[in-house]
1. Peptides 723-732, 36-45: what's the order by average Cβ count within 10 Å, highest mean first?
2. No solvent, one uniform scatterer per C-alpha: report log10 I(q)/I(0) for the chain via the Debye equation at q = 0.07, 0.11 1/Å, two decimals.
3. Return the whole-Å distance between the Cα centroid of the range 546-579 and the Cα centroid of the range 226-265.
4. To the nearest Å, what is the center-to-center distance of the range 602-630 and the range 12-72, using C-alpha atoms only?
5. May I ask for the equivalent-ellipsoid semi-axes of the range 224-386, computed as the square root of five times each C-alpha gyration tensor eigenvalue and listed largest first in whole Å?
6. Length gain on complete extension for the stretch Glu138 to Lys241, per 0.36 nm per residue less the alpha carbon to alpha carbon distance?
7. Name the residue farthest towards the positive end of the dipole of the range 556-734 from the options Ala567, Leu680, Ala710, assuming +1 on Cβ of Lys and Arg, -1 on Cβ of Asp and Glu, about the Cα centre.
8. Given Cβ point charges of +1 (Lys, Arg) and -1 (Asp, Glu) and nothing else, what value in debye, to the nearest 20, does the dipole of the range 19-218 about its Cα centre take?
Amino acid sequence: MSTPGTYDSSSIKVLEGLEAVRLRPAMYIGSTSEMGLHHLVYEVVDNSVDEAMAGYCTEIQATIHIDDSITIVDNGRGIPVGIKEEFGVSAAEIVMTKLHAGGKFDANTYKVSGGLHGVGVSCVNALSETLHLEIWREKATWEQDYERGLPKGPLTRTGKANKTGTKITFKADGTIMEATKFNFDTLATRLRETAFLNRGLKITLTDERVEPVKGHEFFYSGGIAEFIKHLNRGKNVLHEKPISIEGEREMPNGGTLVIDIAMQWNDSYSDQIFSYANNINTKDGGSHLTGFRTALTRTLNASARQAGLFKEVKDANLSGDDVLEGITAVVSVKLPQPQFEGQTKGKLNSDIGGLVQAIVNEKLTEFFDKNPSVMKKIIGKAVEAARAREAARKARELTRRKGALDSGGLPGKLADCQEKDPARCELFLVEGESAGGTAKTGRDRKYQAILPLKGKILNVEKARYDKMLGHDEIRAMITAIGTGIGKEDFDVSKLRYHKIILMTDADVDGSHIRTLLLTFFFRHMQELITRGHVYVAQPPLYRIKKGKSEKYIKNDEEFVREILRRATENVHVLSGVDGELRLEGGELRNFLMSLDEFQVLFTRLERRMRETVVVEALANPDFALDTKTDFANEEELRKVAAVLEGPRLKARVEPDEEHSAFKIIYHDDSHGDRTVGIELASMPEYKRLRVLAKQTQKFNQPPFVVVKDARRETINNWRELIAYLKNEGTRDCAVQRYKGLGEMNPDQLWSTTMNAESRTLLEVKLEDAVECEEIFTTLMGENVEARRKFIEDNALDVRNLDV
């Protein structure tokens, strides 16, 4: 041991195995927040994609389970299972436990891959509370379990298999990861892009946490040109078919650079460019994107001069911003041994800008020569953008002279706060002068500023800068926020409030105003969203009023807990044939909450299994149906099958060769065979159902007798018990599902919605840029037909409609 302050040999530590990953996770996955959590999934998926690029995998399935564990399955070759003699363990265990181990260092195994450092799946293992590995290879099934990176046993052959592939199920370690809940849209973004970039690869994503189960299938035979069409859905495009550029160039250090680019211009005022290197989204750009942008500007300027399109304007020259206005482009490169900035691979550093530039110059010039009408439309759009840029510059200068964009001339209706440190300040954008007045009275003047907005602001999706800057409410917002607007003027360091909170009613008009505000921030101050400065206020969802007392409740779970609390005041429940078991107080409430959760899971499995009697048997704690050992017990499964057998339902027990166990097969005349086996037993909702069944077994013995004062009510089963007590909990109460700010006085608005100690805020995040682009274009753009179709398709999913 070294004494404090000394630096000697005892101060030098060597981290063995995956210990380094657990100690410094951000070095390997970028962060321990939501971004790092999703990066764990990408590392596993990237390995499957590498199998696809090598020609061995055609399908990848990702499933998020109810406990936020996730399973990724592919039909590739399967991780090798042979013993590595120098280590004395299987090759699969080395891949899962050793850093810098894998097949990416041998140029013959994978010519092109996204995984480079050999730390991907071993990092996932190190940062997982549990990880289950299943491999199908060499006509056998192989399995291994890990806890926090450590194997619980060797890789074991557990059964037969007539397929190949790999299945990994992991649950992030909550003691290291700050975030453990997966975001469906974030994963959908990445998997959609991956499918577009790999023609013929089918990727499915399923979310079992919601009812009904949500799923997407991504399969695109047209590659990135189809991606461009997808991105431009609902927009008016300048040319029907995307421009495709494909080419190869030999790299100076050996190997071949493969370039695949697609682009299409539309009549909008913003650009969308996505760049990828070896299927990895290089969100911070890199040399390939720089080369593309440079080539695009030079080629359009050269083609315009050659075609005489600048005759009217002397010394005309289009800037990079001009040629990019309205473009939707995907730049994808594949190269051996790429150099990325950091393990998370956000930026490509490989020196390929010149090669990309040369190919784009050559191919785009060739396209323009063959399609002069398309060239004229694109250059006409860029010339118009140049003129608009000049008009917007003059409009900004005009507003500056009037003081509208100068922080020295704040809007008169802004009730500013006393605090001068932006990090401590909040700006509430409030719908309506009346609610604004209430908010001004109820706020904390030290750090909360209020800006009331009159009516509905301009829809900026359909307006250019010059028109937008002429709108009073938008000018007031820009002034109050302080950052300026536009690529030339926007400066996030001048932000006056680090929390910008949209506070609108939860009715139709409030939703519309909130959408208009979000459109403004998405289109013109997107950096405020990506930096986490934009929030939506969350007024309470319910109000329960009884006599003079009232209580505001934030969510459905708290609402159920509250009404059960009310229902069980001065109440006790007797259960068992002779009523020998007595429940009351906190024990009764916990029992009812467990039953309520049990009911939700029971209903989910009922939909999956299609038979109530089957779920009842699976939820019976007297049957041993939990572990793999239980499913290897043929006699026990025959007892369950005997319970299922009846006049309508037939059941039998068969060997499960893949897992060296048994399974129950059941069916009736209306459907084919369904299975109860190890696959079902590994599902988190099944495991939780079994846990709850055992927890509630002692008291879940009908009939139940509910006793309150002199009143006794006999109830026949647990479902009726929950329904009866929920009804009792709302007796003599006025329950209102809350719509917004309208009925609140200043102190209520403060305590429920504005007080930082007790409020709930919803942070606005940009997680699926493709989906956001599509939604904003559909809802706020010019295409009426696309909007009508959206309304028709989603009409039946509307909840709590305000009419």
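Values in this text are rule-based calculations from the coordinates and carry no lab data. Since we're looking at a predicted model, the values are computed, not measured. Glycine gets a Cβ as well: all are built from the backbone with ideal geometry, and neighbour counts include every protein chain shown.
1. Values: 723-732: 15.5, 36-45: 22.6.
In descending order of packing, they fall as 36-45, 723-732.
2. Each listed q maps to, in turn, -0.70, -1.42.
3. The distance from the Cα centre of the range 546-579 to that of the range 226-265 comes to 60 Å.
4. Between the Cα centres of the range 602-630 and the range 12-72 lies a distance of 32 Å.
5. Details: eigenvalues 150, 60, 40 Å².
Equivalent-ellipsoid dimensions as semi-axes: 27, 17, 14 Å.
6. Numbers: separation 103, 0.36 × 103 = 37.08 nm, distance 4.59 nm.
That works out to 32.5 nm of additional length.
7. Farthest along the dipole direction, towards plus: Ala710.
8. Working: 23 positive and 28 negative charges, 101 e Å.
Using only the charged Cβ atoms, the result is roughly 480 debye.
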